Amino acid sequence: MRKISLIIFILFFANRCLAQTNAQACNTFKSGKFYYIDSLAYPVFVKRKKNRQYEFDSYTKVKSMSKIWWISDCSYGLKLLWSDSKAERKKSMGSVTTVVITKIIGNNEAYEYSCGCADSTIRLKSIGIMRRQNN
């Protein structure tokens, strides 16, 4: 019985430590400069600062600004606030995208994500990788 209790305690402790490490790793992505590859295989550059996310699509040259809020340590919501593209504003204004960080890659260099988009035509792929820009 004592061995079973010890094994359960070790598993519980290891689980808590690993969960905390992932949460701390996710926190490193709350601000900074990043990029992801869109569905047309072009980079979209992202800058996060406080509760704003700014994006620049290198192919279409469209700039946009979204409100970002963290739902949990490893998930966040995005809501388009402004875009210099009339078509983008018409298509995405007011829609909310929920993004979940599913895996940290390397030494906090990137993360895999999945997203649930209210509008399936939104440019953000349902799965992908957000990478940190090297400055």
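The values are calculated or read from the model by the stated rules, or taken from the named source; none is laboratory data. Since the structure is predicted, the reported quantities are computational estimates derived from the model, not experimental observations. Note: ideal-geometry Cβ built from the backbone for every residue, glycine included; neighbour counts use all protein chains shown.
Determine whether Tyr36 is in contact with a strand residue (DSSP E or B) (Cβ under 7 Å, 6 or more places away or on another chain), buried (at least 16 other Cβ atoms within 10 Å of the Cβ) and without any contact (Cβ under 8 Å) to a residue 60 or more places away in the chain.
no
Filter the range 54-77 down to the residues that are within 17 Å of Gly116 (Cβ to Cβ) and without any contact (Cβ under 8 Å) to a residue 12 or more places away in the chain and list them by number.
Across the range 54-77, the qualifying residue is only Ser72.
Do you know which of the residues in the range 51-105 that are part of a loop (DSSP other than H, G, I, E, B) and of a type in the set (A, V, I, L, M, F, W, C) is nearest to Ser39 (Cα to Cα)? Outline the logic, then answer.
Taking the range 51-105 as the starting set, the residues that turn out to be part of a loop (DSSP other than H, G, I, E, B) are 51, 58-62, 73-74, 84-85, 93-95.
Among the residues that remain, those that are also of a type in the set (A, V, I, L, M, F, W, C) are: 62, 74, 93.
Details: Val62: 15, Cys74: 23, Met93: 20 Å.
Among them, the one singled out is Val62.
Taking the range 115-134 on its own, how many of its residues are modelled with pLDDT under 90 and in a strand (DSSP E or B)?
Matching residues across the range 115-134 total 5.
Suppose we filter Glu88, Glu109 for residues that are modelled with pLDDT under 90 and charged (D, E, K, R); which single one remains?
Glu88
Out of (1) buried (at least 16 other Cβ atoms within 10 Å of the Cβ); (2) closer than 26 Å to Gln24 by Cβ, what's the single condition that is false for Ile127?
Checking Ile127 against (1) buried (at least 16 other Cβ atoms within 10 Å of the Cβ); (2) closer than 26 Å to Gln24 by Cβ, the one that fails is (1).
Within the range 4-11, can one find any residue that is polar (S, T, N, Q), more than 20 Å from Ile129 (Cα to Cα) and modelled with pLDDT of 95 or more?
no
All but one of (1) out of contact with any strand residue (DSSP E or B) (no Cβ under 8 Å at 6 or more places or on another chain); (2) modelled with pLDDT of 95 or more; (3) surrounded by 14 or more Cβ atoms within 10 Å (Cβ to Cβ) hold for Thr60; which doesn't?
Looking at each condition in turn, Thr60 falls short on (2).
Can you tell me which condition Phe29 does not meet? The list is (1) in a loop (DSSP other than H, G, I, E, B); (2) at pLDDT below 90, and all the others hold.
Unmet condition: (2).
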